[in-house]
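**Student:** Got a structure for you, written out below as structure tokens; questions coming shortly.
The values are calculated or read from the model by the stated rules, or taken from the named source; none is laboratory data. Quantities reported herein were computed from a predicted structural model and do not represent experimental measurements. Cβ placement follows ideal geometry from the backbone for every residue including glycine, while neighbour counts extend to all protein chains displayed. All accessible areas refer to the heavy atoms of the entire protein, side chains included, with ligands and DNA or RNA removed. Shrake-Rupley method; radii C 1.70, N 1.55, O 1.52, S 1.80 Å.
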Amino acid sequence: MVSAREFYTYRLQIRKNTNSILLESGRLLQQFTVDMYVKIETLRLDYFRNRQEEIRADLYQGIVDSIEHGESDPSKIGKRIVLPGSFIGGPRDMRKRFLDAMTLVERYGKPDLFLTMTCNPNWQEIKDQMKPHEEAQNRPDLLSRVFRSKLEHLQKEVVQNQLFGPVAAYTFVVEFQKRGLPHVHMLIILKSLFKLDTVEKIDAVISAELPDKKKYPYLYAIVLKHMMHGPCGELDMRRACMQNGKCKNHYPRSYCTETSIDSDGYPMYKRRSTGEEVHIRGQMLDNRWVVPYNPYLLAMFDCHINVEVCSTIKAVKYLYKYIYKGHDKIIYRLVTSKFPEDIDEIQQFQAARWISPPEAIWRIYRFALHEIQPAVINLQLHLEGCQLIPLKKDTNLQNIIDNDFLSRTMLTQFFWMNAHNDKAKSLQLLYRDFP
């Protein structure tokens, strides 16, 4: 007995000496992967829709959760269709992961580096597995597999090989662009002795200039291919980055003879006016258009890989909310407040949902969408006598009442230890420090 996900995982495998008609179907493969994942996700959502009584018993011990999510009409409490946090990628799941990440900030301080890496469909590992007539966009299985391999390599370089220094904590989120290419956002917190707190340390790991063409020809070519923004602004007002007549990414940047930190705490990377210009997408661009990068990582991965310094605590909440924002969607509708509708979180999640073939493959293969290190433990909180106890339909309730062990939780044991254990009394630890 296998699940639908396991069956399609089996069907989408690459096997030696076997030609898979499915994997050679071009655009039909893209449509197949999306349709099959939509079916898998719909089955999971239907499971939650049909278990609303149990889910509400878990979530709604009071009315606080209802009010926080936009429901103030008492007659509506209990009618809400709930999408619980156990559904990966749902609003509750993303909100929980955001709070877990902010816990790392509380413990280890603000992140030091914000790194973004985007899949390159022209990677040699992808081309080697394609047949002469195939296009990378028609092999989402290869795009997802190779990007996952590159992501694991990136983790090894940053965490194990300590490229930027010993890492105290990190978190990453994998997202998918509208055209389908996967990309990862990674926030890295370095140990206290290795913080990037000086201009020299920043310049040692981040560059925002064109490299020397004669000395580093390979790096020069990759910077031109992956790390040049624009042209936008006065050079091209039709670019996607343009908002209200200005580039939302603030390009072109200003020239700087040396790296500095502005009044808002944002780093101004060294961008010298050398007079050198390069021809990019029909325009001549200079150092002001270079996206900050780490030369070592850029040369190693041959893709767009942006590395920025998080120099101020002001941007911390924005950064973590940005990476845990969930999937993109654009939807609007007109409603009347005279006859308010029941809130259906499952329908709201599905509305305007955009799923690309690489994302469908990624989720079918069950590759990790998020990771956080070190792990964050969620401590239980409940009112006295209101802890949740798992029950089966044929359970004898009297046996549960008589069994003191079943009513124990982390919170009740914390109080018990502080009342009876001499070591706990002497340490006087808070609940969050007790584990």
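**Student:** Within segment 1-74, considering only helices (runs of 4 or more DSSP H) that don't extend past its boundaries, which have at least 2 residues that are modelled with pLDDT under 90 and over 27 Å from the mean Cα position of the chain (by Cα)? Break it down stepwise before answering.
**Tutor:** Values: elements: 4-11, 27-49, 52-59, 64-68.
Filter on segment 1-74 gives 52-59, 64-68.
Quick grid of which residues meet (1) at pLDDT 90 or above; (2) within 22 Å of the chain's Cα centre (by Cα); (3) closer than 21 Å to LYS201 by Cα; (4) not charged (D, E, K, R):
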{"position": "ARG239", "(1), (2), (3), (4)": "no, no, no, no"}
{"position": "LYS246", "(1), (2), (3), (4)": "no, no, no, no"}
{"position": "LYS270", "(1), (2), (3), (4)": "yes, no, yes, no"}
{"position": "HIS279", "(1), (2), (3), (4)": "yes, no, no, yes"}
{"position": "LEU285", "(1), (2), (3), (4)": "yes, no, no, yes"}
{"position": "THR312", "(1), (2), (3), (4)": "no, yes, yes, yes"}
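**Student:** Filter segment 171-180 for residues that are open to solvent by less than 20 Å² (accessible area, probe 1.4 Å) and either modelled with pLDDT of 95 or more or touching a strand residue (DSSP E or B) at 6+ places or on another chain (Cβ under 6 Å) (or both); which is nearest to ALA101 (Cα to Cα)? Quick ask: steps written out before the conclusion?
**Tutor:** At the first step, the residues of segment 171-180 found to be open to solvent by less than 20 Å² (accessible area, probe 1.4 Å) are 171-174, 180.
Subset that is either modelled with pLDDT of 95 or more or touching a strand residue (DSSP E or B) at 6+ places or on another chain (Cβ under 6 Å) (or both): 171-174.
Details: THR171: 7, PHE172: 10, VAL173: 11, VAL174: 15 Å.
This residue is THR171.
**Student:** Those residues that are basic (Lys, Arg) and closer than 22 Å to HIS304 by Cα, I need them from segment 239-271; list them, please.
**Tutor:** If the condition is that a residue be basic (Lys, Arg) and closer than 22 Å to HIS304 by Cα, then ARG239, LYS248, ARG253, LYS270, ARG271 are the ones that fit.
**Student:** Check whether at least one residue in segment 185-195 is out of contact with any Gly (no Cβ under 6 Å at 6 or more places or on another chain), open to solvent by less than 80 Å² (accessible area, probe 1.4 Å) and on the phi > 0 side of the Ramachandran plot, and report yes or no. Spell out how you get there, then give the answer.
**Tutor:** Keep residues of segment 185-195 that are out of contact with any Gly (no Cβ under 6 Å at 6 or more places or on another chain), which gives 185-189, 191-193, 195.
Within this subset, residues satisfying the condition of being open to solvent by less than 80 Å² (accessible area, probe 1.4 Å) are 185-189, 195.
With the extra rule that they be on the phi > 0 side of the Ramachandran plot, the set shrinks to none.
No, because not a single residue in segment 185-195 is out of contact with any Gly (no Cβ under 6 Å at 6 or more places or on another chain), open to solvent by less than 80 Å² (accessible area, probe 1.4 Å) and on the phi > 0 side of the Ramachandran plot.
**Student:** In segment 401-419, what residues are among the aromatic types (Phe, Trp, Tyr) and open to solvent by 80 Å² or more (accessible area, probe 1.4 Å)?
**Tutor:** Step one: list which residues in segment 401-419 are among the aromatic types (Phe, Trp, Tyr), which gives 405, 414-416.
PHE405, PHE415, TRP416, listed by residue number.
**Student:** Which numbered condition trips up ILE323, out of (1) modelled with pLDDT of 90 or more; (2) open to solvent by less than 40 Å² (accessible area, probe 1.4 Å); (3) in contact with a His (Cβ under 8 Å, 6 or more places away or on another chain)?
**Tutor:** Unmet condition: (1).
**Student:** So for segment 254-264 (the condition being of a type in the set (S, T, N, Q), under 27 Å from the mean Cα position of the chain (by Cα) and at negative phi), does at least one residue qualify?
**Tutor:** Initial filter on segment 254-264 (of a type in the set (S, T, N, Q)): 254, 257, 259-260, 263.
From what is left, the residues that are under 27 Å from the mean Cα position of the chain (by Cα) are none.
No: zero hits.
**Student:** Go through (1) surrounded by fewer than 19 Cβ atoms within 10 Å (Cβ to Cβ); (2) within 26 Å of the chain's Cα centre (by Cα); (3) closer than 22 Å to THR118 by Cβ one by one and return the number of the condition ALA221 breaks.
**Tutor:** If we test ALA221 against (1) surrounded by fewer than 19 Cβ atoms within 10 Å (Cβ to Cβ); (2) within 26 Å of the chain's Cα centre (by Cα); (3) closer than 22 Å to THR118 by Cβ, just (2) comes out false.
**Student:** A follow-up question, please. Mind listing just one residue for me: the one in segment 249-268 that is touching a strand residue (DSSP E or B) at 6+ places or on another chain (Cβ under 8 Å) and in a loop (DSSP other than H, G, I, E, B) and, of those, nearest to ILE206 (Cα to Cα)?
**Tutor:** Within segment 249-268, the subset touching a strand residue (DSSP E or B) at 6+ places or on another chain (Cβ under 8 Å) is 251-256, 259-262, 267-268.
If we keep only those that are in a loop (DSSP other than H, G, I, E, B) as well, we get 251-255, 259, 262.
On the way: TYR251: 18, PRO252: 18, ARG253: 16, SER254: 17, TYR255: 16, THR259: 10, ASP262: 17 Å.
Taking the candidates together, the pick is THR259.
So that you can scan it fast, the table gives a plain yes or no per residue for (1) loosely packed, with under 13 Cβ neighbours inside 10 Å; (2) over 19 Å from LEU163 (Cβ atoms):
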position: GLY230; (1), (2): no, yes
position: GLY245; (1), (2): yes, yes
position: SER254; (1), (2): yes, yes
position: GLU258; (1), (2): yes, yes
position: TYR266; (1), (2): no, yes
position: TRP289; (1), (2): no, yes
position: TYR293; (1), (2): no, no
position: MET300; (1), (2): no, no
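**Student:** Go through segment 116-164 residue by residue and tally those that are of a type in the set (Asp, Glu), under 26 Å from GLU308 (Cα atoms) and surrounded by 15 or more Cβ atoms within 10 Å (Cβ to Cβ).
**Tutor:** The initial filter retains those residues of segment 116-164 that are of a type in the set (Asp, Glu), namely 125, 128, 134-135, 141, 152, 157.
Remaining after also requiring under 26 Å from GLU308 (Cα atoms): 152, 157.
This time we only want the ones that are surrounded by 15 or more Cβ atoms within 10 Å (Cβ to Cβ), so: 157.
Selection size over segment 116-164: 1.
**Student:** Determine which member of the set VAL173, VAL167 is touching a His at 6+ places or on another chain (Cβ under 6 Å) and closer than 25 Å to LYS325 by Cβ. Can you show your working first?
**Tutor:** Working: VAL167 fails: touching a His at 6+ places or on another chain (Cβ under 6 Å).
The match here is VAL173.
**Student:** Filter segment 75-105 down to residues that are in contact with a Gly (Cβ under 7 Å, 6 or more places away or on another chain) and either in a helix (DSSP H, G or I) or modelled with pLDDT of 90 or more (or both), then give me how many there are.
**Tutor:** Of the residues in segment 75-105, 5 are in contact with a Gly (Cβ under 7 Å, 6 or more places away or on another chain) and either in a helix (DSSP H, G or I) or modelled with pLDDT of 90 or more (or both).
**Student:** Here is a further query. When the residues of segment 93-109 are narrowed to those that are open to solvent by less than 50 Å² (accessible area, probe 1.4 Å) and in contact (Cβ under 8 Å) with a residue 40 or more places away in the chain, which ends up nearest to ARG366 (Cα to Cα)?
**Tutor:** The selected residue is MET94.
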